[in-house]
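Here the structure comes first, spelled out in structure tokens, and everything after it is commentary.
The values are calculated or read from the model by the stated rules, or taken from the named source; none is laboratory data. Here the structure is a predicted model, which is why all the values come from computation and not from measurement. Because the Cβ atoms are built from the backbone with ideal geometry, glycine has one as well, and the counts that use them run over all protein chains shown.
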Amino acid sequence: MKITKIQSQVIRVPVDEPLADGPGTPGAMREFVALRVGTDEGIEGIGYTFFGAALTGALKHAVDALGALAVGEDPLRTEAVAAKLRAAAAGSGPGGLLTLALSAIDIALWDIRGKSLNLPLWRMIGGHRERVPTYASGALMRTFPLDHLVKAAPRLVEKGFRQMKTQLALPGDTSPEKEVERIRRVRESIGPGIDLMCDINQRWRVDQAIDIGTRIEDAHLYWLEDVTTADDYQGLARVTGALATPIAGGEYLYGPAPHRQMMEARSVDIVMIDLMRAGGITQWLKIAGMAEAFNLPVVSHLVPEIHVHLIAAIPNGLTVEYMPWTFKIFEEVPVPVNGELEVPRKPGLGLKFDEAALKRYAV
Ligand SMILES: [Mg+2]
């Protein structure tokens, strides 16, 4: 089999919060690069990537330039294709747009592999289990009023979620007391039986993370995420050592090597892997295997429609972040039942672009 063509497109999708009907941000948009990879056997793989923001046009350009170099190659030789494209981009990596662009191509190649073998991705790469826990994400944001949060969180429980994430490091005039009060109110609104995670998005210093993290230990968070600058591995390790609450991190890291630094420094208790920044499915699996060797569980970042495959496939997968950023561009996406996602049964990613949506959101 040979890759015969690639075609990419930028789409711009309005930002909303459908899980608990959260306040919208009028005019706010997210941009994605959607990719189709064609083969001489008529199998088409789809991929996508994002995080380009103002550089999304440049990201599409990178996908096109690298994709052109993949034409003529065997789509099943994912490592050979990645090596060729990385070498062609020379020193413009290892992170950033190069990796984000490579991810779109790698994802499409795995989709082709699954379709050619008539196997869903999760079975091709290990098939550890058929059902995975998933948690509601994006519904309890730091920018939303607390009054909304204490109604939205129970609404998520009513919808069947057993796990959900909120955020601290509040915008504007905050204080440790305000932070503590907010998490206390959210916890009270759902009771002790629901897993509650909390994301800091790198906004605290190490000393703040230890101080506020200590004050909120009685909220019994399932994890506290990205408590300080993501590549301050030693600083993270101090927080992780100081708190009983498990610390999660890794979504901001590009490729396997920084994950190795993070794990060797014992910076986190839970490894979060972002599919796009990892470098696609091929690299995601390497990071997950490394986490297994370090006796660490793995959780996913965004893209639940693919991460359901990945978390289900590996023995150390913990839970899938259910954040519906990308849902509008597909015909069908996995839907949680009683807080769990069932693995997809169709070959490859089991996803189809919604052609009407791609037209509607075309840039
Ligand atoms: Mg996060």
Return the pair list, or none, for Cβ contacts closer than 6 Å from residues in region 264-285 that are assigned by TED's automatic domain parsing to the domain that holds His128 and more than 20 Å from Thr245 (Cβ to Cβ) to residues that are among the small types (Gly, Ala, Ser) and within 15 Å of the ligand (Cβ to nearest atom), at least 6 apart or on different chains.
Ile273/Gly250; Trp284/Ala278
Within the set of pairs 6 or more residues apart or between chains, which connect a residue that is assigned by TED's automatic domain parsing to the domain that holds Phe50 inside region 82-104 to a residue that is surrounded by fewer than 16 Cβ atoms within 10 Å (Cβ to Cβ) with Cβ atoms less than 7 Å apart?
Leu97/Leu55; Leu97/Ala58; Leu98/Ser92
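Each row is one residue, and each column tells you yes or no for (1) surrounded by fewer than 19 Cβ atoms within 10 Å (Cβ to Cβ); (2) more than 30 Å from Gly52 (Cβ to Cβ); (3) in contact with a Leu (Cβ under 8 Å, 6 or more places away or on another chain).
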position: Ser103; (1), (2), (3): no, no, yes
position: Trp122; (1), (2), (3): no, no, yes
position: Gly172; (1), (2), (3): yes, no, no
position: Ile183; (1), (2), (3): no, yes, yes
position: Val186; (1), (2), (3): no, yes, yes
For region 241-263, which positions are within 16 Å of the ligand (Cβ to nearest atom) and either outside the structural domain of Cys198 (by TED's automatic domain parsing) or within 30 Å of Ser189 (Cα to Cα) (or both)?
Thr245, Pro246, Ile247, Ala248, Gly249, Gly250, Glu251
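A quick yes/no check of all residues on (1) within 16 Å of the ligand (Cβ to nearest atom); (2) touching a helix residue (DSSP H, G or I) at 6+ places or on another chain (Cβ under 7 Å):
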{"site": "Arg142", "(1), (2)": "yes, no"}
{"site": "Glu158", "(1), (2)": "no, no"}
{"site": "Arg162", "(1), (2)": "no, no"}
{"site": "Arg187", "(1), (2)": "no, yes"}
{"site": "Gly193", "(1), (2)": "no, no"}
{"site": "Cys198", "(1), (2)": "yes, yes"}
{"site": "Asp207", "(1), (2)": "no, no"}
{"site": "Ile212", "(1), (2)": "no, yes"}
{"site": "Asp218", "(1), (2)": "no, no"}
Could you pull out the residue among Asp231, Asp147, Asp226 that is of a type in the set (D, E, K, R) and away from the ligand (no atom under 16 Å from the Cβ)?
Asp147
Taking the criterion of being closer than 27 Å to Gly24 by Cα and in contact with a helix residue (DSSP H, G or I) (Cβ under 7 Å, 6 or more places away or on another chain), would at least one residue in region 283-300 satisfy it?
yes
